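Q: My questions all concern the structure below.
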Amino acid sequence: MAKAVLLLLLVLSLLFLTLGWAQQDPERELEQCRKECLQRPEGQKHHCQEECERRYREQQEQQEKRGRGEEGNRKGSEREEEEERRRNPYHFTGERFRERVRTDHGWVRVLEDFVKQSELLRGIANYRVSLLEANPHTFVLPAHFDAEGVFYVDRGRGTITFLGEEDKQTYNLEQGDVIRVHAGTTVYITNRDRNEKLQIVKLFQTVSTPGRYEAFYGPAGRNPESFFRAFSDSTLGASFNNRETETLQRLFEHQDQGAIVKAREEQIKEIGRHASSGGGSWPFGGGESGGPVNLLRQRPVHSNQYGNLRQIDENEYPHLRSLDISVALANITAGGMAAPYYNSRATKVAVVTEGNGYFEMACPHVGSKGRKQKGQGTVEQYERISGELRPGHVVVIPAGHPALIVASQGRNLEVVCFNINFRNNQRYFLTGKNSIYRNMDDEEIALSFNSPVEEVRRVLNANKDEVFTRGPEGGREGHRAFA
């Protein structure tokens with residue numbers, strides 16, 4: 001009877017240890033189990049040790065199985081992601097951004113390298129998209145970039161300061177402002193609003209390492225690290241004409257709060273005390289002096305009940321001339337659609353800032369390269385590229401690719417567009433009142449469509465809207481592909 005009781009206690013003790021083992025480190029639990037065994041009567045120690053070893057081996061096997069399963073799941077997820085990139089290389093969701101900066105007061109996120117997504121995007125390999133969000137009354141530490149930048153203020157109010165050799169220039173920023181940031185110019189930003197976050201969309205054109213750019217922090221410390229810390233004490237002392245090594249070390253060690261820090265209201269006011277106001281249309285919004293020009297105050301290039309398009313290029317803002325870039329803002333009315341069109345030269349990098357919707361694009365590069373038709377050789381076959389659009393999503397529409405964008409019901413869709421290689425670009429609209437196909441003569445229509453001219457004319461002339469039109473009934477679920 002005594003042996004049975006002792007055996008039961010041993011089993012219960014081992015069971016208790018086993019239940020806890022699943023959630024703990026097997027190595028640690030093996031050692032704990034062995035110590036427990038030392039407290040057993042002499043006749044039970046050996047059996048107890050064997051049980052510990054057995055459970056340890058089982059735990060190792062279970063961990064290995066879980067590891068293989070997790071590895072398989074990870075590889076499966078990677079395969080799915082790779083397949084999605086191959087199938088739709090032009091669409092980037094918010095998860096494709098990586099954090100460069102994160103503090104309690106804001107963050108900076110950078111979209112992954114375009115060429116990492118697909119070789120089809122190597123034409124814009126030298127460009128990167130970045131997002132900045134800074135909380136109310138914050139200060140973004142001074143830095144310069146090894147890249148040319150174009151900033152668009154999506155939300156909030158702030159100031160931006162450029163440090164020059166002889167002086168500095170400070171400009172007020174507000175929603176809709178576009179401003180050029182030259183490579184190598186030290187710049188810092190404040191959010192001067194008490195309540196609203198400052199959100200900026202940035203496009204960088206890299207100039208040193210293709211597809212890569214860095215922020216170089218000078219007046220900083222350990223976090224972010226000041227680039228001065230890379231120099232030796234002797235050369236740093238000679239540069240500042242200060243031989244007190246400890247003083248210089250302290251100077252570049254105290255800052256450890258990150259690149260975005262909280263500022264007092266009086267500090268914010270003092271920084272912006274001499275700020276110039278931009279914000280208007282060229283030539284009244286800064287423009288040639290280096291200040292911002294406001295996109296929201298431009299007269300719409302196209303506008304109707306279904307949406308509007310505003311644009312700034314080198315004519316409105318001369319600082320864009322050397323970059324050959326335009327910045328546009330499309331605001332599509334809920335349930336409306338930006339009708340199919342294509343750019344002759346420009347590649348559009350579109351960043352969704354508000355609302356939901358989806359896009360569709362015809363692409364000859366993805367999927368089948370072509371198909372044979374009897375007596376006609378190989379003809380081009382187009383893949384429909386499509387994807388949902390939400391705030392933070394990015395879509396690339398290469399030159400020549402017909403595309404459209406649809407806004408979901410209930411809320412307008414707002415898209416900031418950077419058009420790369422914009423000089424001498426022409427937009428060609430394919431449907432509606434300004435469709436290029438309306439200019440075809442009857443004989444050309446008959447030969448092109450191989451259909452009765454009257455029927456073709458009726459289809460081409462049915463939509464009286466320009467650029468923006470009513471979207472499909474029933475949203476995305478209401479559309480279908482041609483059989």
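The values are calculated or read from the model by the stated rules, or taken from the named source; none is laboratory data. Quick caveat: nothing in here was measured; it's all calculated off a predicted structure. Note that we place each Cβ from the backbone using ideal geometry, even for glycine, and neighbour counts take in every protein chain shown. Ligands, DNA and RNA are stripped out before the accessible areas are found, and what is left, the full protein with its side chains, is counted by its heavy atoms. Shrake-Rupley method; radii C 1.70, N 1.55, O 1.52, S 1.80 Å.
Q: Among what's in the stretch 235-250 and is part of a helix (DSSP H, G or I) and free of Cβ contacts under 8 Å to residues at least 12 places away in the same chain, pick the residue that is most open to solvent (accessible area, probe 1.4 Å).
A: This residue is GLU246.
Q: Between a residue in the stretch 150-168 that is of a type in the set (Lys, Arg) and any residue that is surrounded by 23 or more Cβ atoms within 10 Å (Cβ to Cβ), which pairs come within a Cβ distance under 8 Å, given they are 6 or more apart or on different chains?
A: Every condition considered, the pairs that remain are ARG155/LEU198; ARG157/LEU173; ARG157/ASN191; ARG157/ARG192; ARG157/LEU198.
Q: Hey, another quick one. For ARG423, only one of the following conditions fails: (1) modelled with pLDDT of 95 or more; (2) touching a His at 6+ places or on another chain (Cβ under 9 Å); (3) among the charged types (D, E, K, R). What is its number?
A: Of (1) modelled with pLDDT of 95 or more; (2) touching a His at 6+ places or on another chain (Cβ under 9 Å); (3) among the charged types (D, E, K, R), only one is false for ARG423: (2).
Q: Please work out which residue is nearest to ASP177 (Cα to Cα), limiting yourself to the stretch 212-234 and to residues that are open to solvent by less than 60 Å² (accessible area, probe 1.4 Å) and assigned to a strand (DSSP E or B).
A: Once the filter is applied, the top-ranked residue is ALA215.
Q: Still on this structure, please answer the following. How many residues does the stretch 454-468 hold that are open to solvent by 40 Å² or more (accessible area, probe 1.4 Å), more than 18 Å from PRO402 (Cβ to Cβ) and touching a Phe, Trp or Tyr at 6+ places or on another chain (Cβ under 9 Å)?
A: 1
Q: Out of the residues in the stretch 89-145 that are β-branched (Val, Ile, Thr) and in contact with a helix residue (DSSP H, G or I) (Cβ under 7 Å, 6 or more places away or on another chain), state the one that is surrounded by the most Cβ atoms within 10 Å (Cβ to Cβ).
A: Ranking the candidates gives ILE124 first.
Q: For the stretch 197-211, indicate whether the set of residues that are open to solvent by 60 Å² or more (accessible area, probe 1.4 Å), hydroxyl-bearing (Ser, Thr, Tyr) and part of a strand (DSSP E or B) is non-empty. Break it down into steps so the answer makes sense when it comes.
A: So in the stretch 197-211, the residues open to solvent by 60 Å² or more (accessible area, probe 1.4 Å) come out as 197, 207-210.
So of that shortlist, the ones also hydroxyl-bearing (Ser, Thr, Tyr) come out as 208-209.
Of the ones still in play, those that are also part of a strand (DSSP E or B) are 209.
Yes, there is a match, as at least one residue in the stretch 197-211 is open to solvent by 60 Å² or more (accessible area, probe 1.4 Å), hydroxyl-bearing (Ser, Thr, Tyr) and part of a strand (DSSP E or B).
Q: Counting only residues that are among the polar types (S, T, N, Q) and either under 25 Å from the mean Cα position of the chain (by Cα) or at pLDDT 95 or above (or both), give me the strands (runs of 3 or more DSSP E) lying completely in the stretch 258-346 with at least 1 of them. Even if it seems obvious, please write down each step before you answer.
A: Details: elements: 260-262, 302-304, 307-312, 325-332, 336-343.
Once the strands (runs of 3 or more DSSP E) in the stretch 258-346 are filtered for at least 1 residues that are among the polar types (S, T, N, Q) and either under 25 Å from the mean Cα position of the chain (by Cα) or at pLDDT 95 or above (or both), what remains is 302-304, 307-312, 325-332, 336-343.
Q: Search the stretch 347-367 for residues being assigned to a loop (DSSP other than H, G, I, E, B) and out of contact with any Leu (no Cβ under 6 Å at 6 or more places or on another chain), and hand back the single one that is least open to solvent (accessible area, probe 1.4 Å).
A: Within the stretch 347-367, the subset assigned to a loop (DSSP other than H, G, I, E, B) is 355-356, 364-367.
Right, trim to out of contact with any Leu (no Cβ under 6 Å at 6 or more places or on another chain) and you get 356, 364, 366-367.
Details: ASN356: 69, PRO364: 32, VAL366: 8, GLY367: 40 Å².
Among those residues, the one meeting the criterion is VAL366.
Q: Here's a follow-up. Looking only at the stretch 314-328, count every residue that is more than 19 Å from ARG427 (Cβ to Cβ) and open to solvent by 20 Å² or more (accessible area, probe 1.4 Å) and tell me the total.
A: 4
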